[in-house]
Ligand code: CAA
């Protein structure tokens with residue numbers, strides 16, 4: 001059995017592509033999901049990858065989820081913090097709940113998963129954590145003070161934890177995807193999305209598999225010297 005890899009939000013969108021890429025690499029993949037039972041069931045049927053349901057923004061639920069996975073499959077060596085939501089809106093119309101949910105899930109989820117897994121990785125002397133940030137955490141985005149703040153926070157979290165993990169063989173990196181062809185991006189109003197795509201030098205949206213490929217590299221055995229980095233995968237939309 002390969003090393004156990006947990007992908008949060010791992011049954012849909014970018015997360016689904018990441019789960020498949022890590023499985024193809026020989027990892028024992030586990031996909032976490034928050035709510036879409038039907039999709040999770042279909043995902044397991046199609047891939048053989050087990051799913052575990054909990055809210056990554058819930059600290060206790062995350063600790064319990066990782067304890068269960070460890071009991072079922074063994075210690076978790078690889079974590080991909082991919083789960084995330086948007087609650088877009090201009091600040092003057094954004095509620096505290098819209099702010100708080102995005103911070104709790106997108107950024108809080110990274111803390112919760114790391115708390116549950118990093119100590120074990122540190123003790124065993126090997127680990128890989130990849131956090132999915134965003135171009136909008138690097139450059140900001142009109143209508144996304146919550147999401148941009150959370151994703152920017154993820155980039156800072158990554159660099160800080162990378163320093164703590166380095167001498168224990170635990171690497172911590174981030175990927176900053178641009179606009180990828182997923183349900184999340186499809187929810188952007190069409191005229192707004194058209195203007196965004198017009199600004200992507202490569203001339204198209206990205207594919208989820210293109211993010212997954214980067215995750216597969218950063219979690220590989222050979223990537224031990226890459227830590228604290230943020231890899232932009234955005235079609236040249238923002239060069240940082
Ligand atoms: N820059 C400057 N002005 C902008 C703007 C921008 N990027 N976008 C919109 N505006 C302006 C509009 O032109 C409009 O101005 P006027 O009133 O003078 O005409 C005004 O802001 C209001 O625009 P909307 O009619 O769109 O306002 P709204 O309140 O209905 O919606 C919004 C605002 C929710 C922010 C909407 O514009 C939107 O959804 N924008 C897309 C946000 C986005 O890119 N989200 C990314 C989601 S995908 C993701 O997050 C994944 C990832 O990591 C990349």
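The values are calculated or read from the model by the stated rules, or taken from the named source; none is laboratory data. In this text, all values refer to a predicted model and were calculated from it rather than measured experimentally. Quick reminder, even Gly has a Cβ in these numbers, built from the backbone with ideal geometry, and neighbours come from all protein chains shown.
Quick notes on this one:
- Residue in region 229-240 that is within 22 Å of residue 78 (Cβ to Cβ), in contact with a helix residue (DSSP H, G or I) (Cβ under 6 Å, 6 or more places away or on another chain), at pLDDT 95 or above and not in a strand (DSSP E or B) present: no
- Whenever a residue of region 70-96 is on the phi > 0 side of the Ramachandran plot, its partners that are away from the ligand (no atom under 16 Å from the Cβ), lying with C-beta atoms within less than 8 angstrom and at least six residues away or across chains, give the pairs 74/1; 74/4; 74/28.
- Of residues in region 208-228 being in a loop (DSSP other than H, G, I, E, B) and free of Cβ contacts under 8 Å to residues at least 60 places away in the same chain, the one nearest to the ligand (Cβ to nearest atom): 226
- Flag for residue 43 being modelled with pLDDT of 95 or more and surrounded by fewer than 17 Cβ atoms within 10 Å (Cβ to Cβ): no
- Filter result (within 7 Å of the ligand (Cβ to nearest atom), in a helix (DSSP H, G or I) and surrounded by 14 or more Cβ atoms within 10 Å (Cβ to Cβ)) within region 157-200: 184, 185, 196
- So residue 136, is it surrounded by 15 or more Cβ atoms within 10 Å (Cβ to Cβ), modelled with pLDDT of 95 or more and away from the ligand (no atom under 16 Å from the Cβ): no
- Some residue of region 91-107 being at pLDDT 95 or above, assigned to a loop (DSSP other than H, G, I, E, B) and within 20 Å of residue 216 (Cβ to Cβ): no
- Residues located in region 112-133, provided they are surrounded by fewer than 20 Cβ atoms within 10 Å (Cβ to Cβ) and part of a helix (DSSP H, G or I): 115, 119, 120, 122, 123, 124
- Pairs where the first residue, in region 104-115, is under 12 Å from residue 153 (Cα atoms) and the second is modelled with pLDDT under 95 and surrounded by fewer than 24 Cβ atoms within 10 Å (Cβ to Cβ), C-beta under 7 Å, 6+ apart: none
- Residue 67 vs. criteria at pLDDT 95 or above, touching a helix residue (DSSP H, G or I) at 6+ places or on another chain (Cβ under 9 Å) and exposed (fewer than 15 other Cβ atoms within 10 Å of the Cβ): yes
- Subset of region 76-105 [over 19 Å from the mean Cα position of the chain (by Cα) and surrounded by fewer than 16 Cβ atoms within 10 Å (Cβ to Cβ)]: 89, 90, 91, 92, 93, 95, 96, 97
- In the set (1) without any contact (Cβ under 8 Å) to a residue 60 or more places away in the chain; (2) assigned to a helix (DSSP H, G or I); (3) more than 11 Å from the ligand (Cβ to nearest atom); (4) closer than 21 Å to residue 103 by Cβ, the condition left unmet by residue 146 is number (3).
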